[in-house]
1. If I ask for residues that are part of a helix (DSSP H, G or I), under 18 Å from B:THR686 (Cβ atoms), of a type in the set (A, V, I, L, M, F, W, C) and open to solvent by 10 Å² or more (accessible area, probe 1.4 Å), which ones from segment B:856-878 would you list?
2. Can you find a residue in segment B:23-39 that is over 19 Å from A:HIS31 (Cβ atoms) and either among the hydroxyl-bearing types (Ser, Thr, Tyr) or at pLDDT below 85 (or both)?
3. Being more than 8 Å from chain B (Cβ to nearest Cβ) and either crowded, with 18+ Cβ neighbours inside 10 Å or closer than 22 Å to A:ARG79 by Cβ (or both) is the filter here; which residues of segment A:38-53 pass it?
4. Yes or no: segment B:278-295 includes at least one residue that is part of a loop (DSSP other than H, G, I, E, B), more than 33 Å from the chain's Cα centre (by Cα) and crowded, with 19+ Cβ neighbours inside 10 Å.
5. So, in segment B:970-987, exactly how many residues are in a helix (DSSP H, G or I) and open to solvent by 40 Å² or more (accessible area, probe 1.4 Å)?
6. Just to be sure before I move on: is B:LYS43 crowded, with 16+ Cβ neighbours inside 10 Å and without any contact (Cβ under 8 Å) to a residue 40 or more places away in the chain in the structure I sent?
7. Of the residues A:ALA34, A:ALA57, A:ALA30, which is facing chain B (nearest Cβ under 9 Å) and farther than 23 Å from A:LYS99 by Cα?
8. Can you tell me which residue within segment B:5-16, out of those that are open to solvent by 50 Å² or more (accessible area, probe 1.4 Å) and free of Cβ contacts under 8 Å to residues at least 24 places away in the same chain, is nearest to the other protein chains (Cβ to nearest Cβ)?
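The values are calculated or read from the model by the stated rules, or taken from the named source; none is laboratory data. What you are looking at is a predicted structure, and each value in this text was computed from that prediction instead of being measured. Virtual Cβ from ideal backbone geometry, glycine too; neighbours counted across all protein chains shown. Surface accessibility is based on the protein's heavy atoms, side chains included, excluding ligands, DNA and RNA. Shrake-Rupley method; radii C 1.70, N 1.55, O 1.52, S 1.80 Å.
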Amino acid sequence: MSTKEERERIELLQGTLDLLILRTLLPGPAHGHAIAKAIEFNSDEVLQVEQGSLYPALHRLIKRRWIAVEEGTSENNRRAKFYRLTRAGRKQLKVETSKWDKLAGAIARILRPAE
Amino acid sequence: MGRSKRMLDELDADIREHIERETQDNIERGMTPEEAHYAAVRKFGNVTRVKEETRDVWRVVWLDELWQDIRYGLRMLRKSSAFAAVAVLTLALGIGANTAIFSLIDAVMLRSLPVEKPSELVVLRWSARKAPRINGYMSSGDCPSNLRYAAANPSGCSFSEPIFREVRNTNQFSGVAAFANAGPLALTGNGPASMISGQLVSGDFFHTLGLKAAAGRELEMSDDSPTAAPVAVLNYGYWQSSFGGAQNAVGRTIELNGAAFTIVGVVEQRFTGITPGSDYDVWLPLAAGPRISNPRMWDNREEKVTYWWLTILGRLKTEAPMLQAQAAISGMFRNEVLHRSIPLFEAGAGMPGPPEPRGGGVPASRQVVMGGPPPAGARAVPPPPGGPQGSTVVQGAAPPAAGGQGAARIQAPFPPVAQGQAPLDAAPDAPKEPRTLSKPDDEPTVTLVNAQTGLTGARGRFANPLYVLMFAVGIILLTACSNVAGLMLARAAARQKEMALRLALGAGRMRIVRQLLTESLLLAASGGILGIVFALWGSHAIISFVANNQPRPLTFATGLDLRVLGFTVAISLFTGILFGLAPAFRSVRVDVTPRLKEGFSASTKISRGVGGRFSIGNALVVTQMALAIVVLVGAGLLVRTLQNLRSIDVGFDSHNLVIFGINPSLAGYQDAQIDSFYRDLQGRLTETPGVKSASYSMVPLLSGALMATMFNWPGTPQDRESESDVLAVGPNFFSTMQIPFNAGRGFTASDYEIAASAASRSAPPAVPTPVIVDQAFVAKFLGKENPLGKRFGQSAASQDGPASPGYEIIGVVRDTKYSDLRRETSPMMYVPQTMQGASFEVRTASDPQALVPAIRRTVAQINPNLPLRDLTTESQQIDRLLFQERLVARLSGLFGLLALALACIGLYGLLAYEVTRRTREIGIRSALGAQRGDVLRLVVNQGLWLALAGAAAGIGVALGVTRYLKAMLYDVSAYDPFTIVVVSALLVLVALVACLIPARRATNVDPMAALRYE
């Protein structure tokens, strides 16, 4: 990996990982590794997620009952744990998304007042 | 949390899985397996930290720490097991005593009525400025009545039956019911004859209360009609005990007072009576009243607006506010009592016309029956023979002979006041027209009182003693708390090094406070658990004491319910925090460095710097001593009261006396047959071996029952009536009771004939009824005049009845106590007993209990169908009369000693601890030449000063609070110096003993060992 690449990667803001996980699960259940990959891929690999930090976040979301766990088989027929968005999680995703939009908008206005 | 455990268990596998997938991806991108694995692990991050963070997600931190605190606390308590044992025991005593008394308060005062939705149920209560002009008033004691002669603002819960019907007609309630005590019922047709208690209830009673039948059916409206077949409903418990719970009991016929009733059902188990503490065996419709009662006494009261005898209950409609119903009922009542135009007094007993003096217009059969005798029982309380003007006031419990079980169950509130009371309607300004029940300015109103609070029943009688005891146990709990706080302080002092070390190692102060509080709460919780055991045992003992002293078992359900448990938990927490907080906060206010240094090097300061702590210790001991004095003074006063009551001269010999009630009219005897039955029984009893003599009277002395009569004393205005207690007695009454004559003679056979002919009313009595009066009567009415031959109470013929020749005094006897011990002896007249129910008094040569079987046999010989009532001895009866005083004296005495013991344990603990701490100082003193006596004084002086300071403070507090006991005291001042001196001396003496033990240990300190120590 080049140094340039490293510079372009951004550390996640506190708490945004939860939001990303919820969003990632919106299309359907996925297992842990797939979630990490999806976040990386969808952000054009700009977002650098230390994959391990996914797990406390997953557990936090399970505890709040925003996602649920189910057993399943992965694409290569291995047993895997799938994480699924719950009804409450769906609702929470909406709330968090609109919060995020407001926050991003507000910060953007501050940073570029001329526009 | 199972979810968390499962998730965490699988975490390792999940992580491994994740890394494997990443490795696989990397290999697919062309890395070597080794490289791929390395990159995957690096990308994953620190596995241990991830696991830790994940675990933290699930952890409830405070719960973990709490568990840690508890484990640590338990370990500490195990390590100092002696301390823990003393503390837990102390707390258990305090908490147990509180729980026991509270469980009684709960059972007696707080438990909700055993009916559906008790909060909707109200009892009607009338009040007015002046007593209504009625001529019969009965209260079964279900709710407090305040109906006194000429007293202002009377009130009560009894209403006439017409009013009851009007209440029903107002349609303000979703259900209305009325009830009255049916009195003692002689039951035959189910084994040997027995006495049971019954209640007359309106047909909708059970329906209104929302009760179901356990067997058969409830009473219905159709049962409550004079033409309906007479039916009865049984109490579940009575059904079980007397009918063995047999289903075929329903449908059986029993005889009550000679009238046949068919049992139609059994009420569900939870309902034993509407008023707490007064249970009934059987319920009959109101319409059955005349069947079980003497018609003369029944007096057609169902139609009379002037006979108030029913307690009325209403169930509020859910949608209608109570005040609206109250306004409607009150308006109806006011209208009824103010504007009824029907004659007030029956059968020509009208109000006097203008020229006629008022005396002649007094109705003949006025009755005021309070707190007891039920309709049927009232038969025994007609006006005294020969005195047509006489009206009878029965106060207090119904006489066993007459009112029987009603009495047994509900005695009058203590103290029964009877003097100066008289029936209603004695106001001199009797209205001429219209004949109203009341006047507008009497302001008669009805209020609706929640049945739970309104139906006090026997509860009223227990309220005062229970609150006094609650106060005493509250103090004990405080003593126990301060005691344990003292122990904790001493321990905290010993643990200062530990605390300092923990603080130095970085423990948070709040964490340490929490740790210490957890230990306190652990102690309190253990104390609470042990306390519940004590409480169960204690309340059981108290209840059985109370029950043994009631003529009928008192049926307050006790035991642990949620409220009691909640109370215990609450006071355990409260005490734990109370005694734990101060030591906990002291512990963390530690300057770390000197404490640690002190611990590691030899301590140079011995008692300096700890002075502050000891002043708290001292203050706690002084507080305990003071609290103990307060309880002890109260207990002392109550014990003295009991002693005073016990040593009262009752005026007759109360030893070796068997008493029992028997009423042959319940078995169909009439008029003259009754008298000959009594004479026959009296003769047979006298002949029974072991019996010295026997007699009878309408009620036994000192049974709580009281009758009074009104008459005109010659020389006083006709409209001014005089009052005297009255008791009808059989032949040889005075010799049997050993009441000495001061002058004159006893009743002779001819005296009884005069009384009998006067009572039969077949012909107007020609001669005055002979009476025997007591010294108080002579003192009040005659002064120095010769009483013998004096006549009084004559009246001219009037609408009331024929002319009456009144009474003539034929003898004077010594004063005796009548209804109870507290009441002053008052003017009393004895009249010859005739034609009424009576109680026998049997004077025995030796142990009266031994003669009970012989007495039963003798009665059975005459008529096996006649049940004996309240067979007991006079001494037992006095014990029953005094049971409240005995209960309170015993318990408060016990609690006083407990408080004293706790206070002295506290004192001992403080001194023992101090001697340990001052070992070195004592050693130095001894080395420098202090004698054993000096050392002894050093310790004892401190203890004594604390005890004296506590005693002084306690006396101050006691003087402030004992006046609240005044109503319960007899013949002893609330500030009785004797009691105060004695309990203070007791306290100081016991404190001295508590000092001596540590003091002796101090004298045994070996100076060399003490100095080498540390």
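1. Keep residues of segment B:856-878 that are part of a helix (DSSP H, G or I), which gives B:856-862, B:874-878.
Filter once more, keeping what is under 18 Å from B:THR686 (Cβ atoms): B:856-862, B:874.
Filter once more, keeping what is of a type in the set (A, V, I, L, M, F, W, C): B:859-860, B:862.
Matches in segment B:856-878: B:ALA860, B:ILE862.
2. Scanning segment B:23-39 turns up at least one residue that is over 19 Å from A:HIS31 (Cβ atoms) and either among the hydroxyl-bearing types (Ser, Thr, Tyr) or at pLDDT below 85 (or both).
3. Keep residues of segment A:38-53 that are more than 8 Å from chain B (Cβ to nearest Cβ), which gives A:38-49.
Across segment A:38-53, the qualifying residues are A:ALA38, A:ILE39, A:VAL49.
4. Yes, segment B:278-295 contains a residue that is part of a loop (DSSP other than H, G, I, E, B), more than 33 Å from the chain's Cα centre (by Cα) and crowded, with 19+ Cβ neighbours inside 10 Å.
5. Pass one, segment B:970-987, residues in a helix (DSSP H, G or I): B:977-987.
Imposing the further condition that a residue be open to solvent by 40 Å² or more (accessible area, probe 1.4 Å) reduces the set to B:977-978, B:981-982, B:985-986.
Matching residues across segment B:970-987 total 6.
6. Working: crowded, with 16+ Cβ neighbours inside 10 Å: yes; without any contact (Cβ under 8 Å) to a residue 40 or more places away in the chain: yes.
Yes.
7. On the way: A:ALA57 fails: farther than 23 Å from A:LYS99 by Cα; A:ALA30 fails: facing chain B (nearest Cβ under 9 Å).
Result of the check over A:ALA34, A:ALA57, A:ALA30: A:ALA34.
8. Applying the first criterion (open to solvent by 50 Å² or more (accessible area, probe 1.4 Å)) to segment B:5-16 yields B:5-6, B:9-10, B:12, B:16.
Within this subset, residues satisfying the condition of being free of Cβ contacts under 8 Å to residues at least 24 places away in the same chain are B:5-6, B:9-10, B:16.
Working: B:LYS5: 12, B:ARG6: 9, B:ASP9: 12, B:GLU10: 7, B:ARG16: 11 Å.
Restricting to residues being open to solvent by 50 Å² or more (accessible area, probe 1.4 Å) and free of Cβ contacts under 8 Å to residues at least 24 places away in the same chain, the top hit is B:GLU10.
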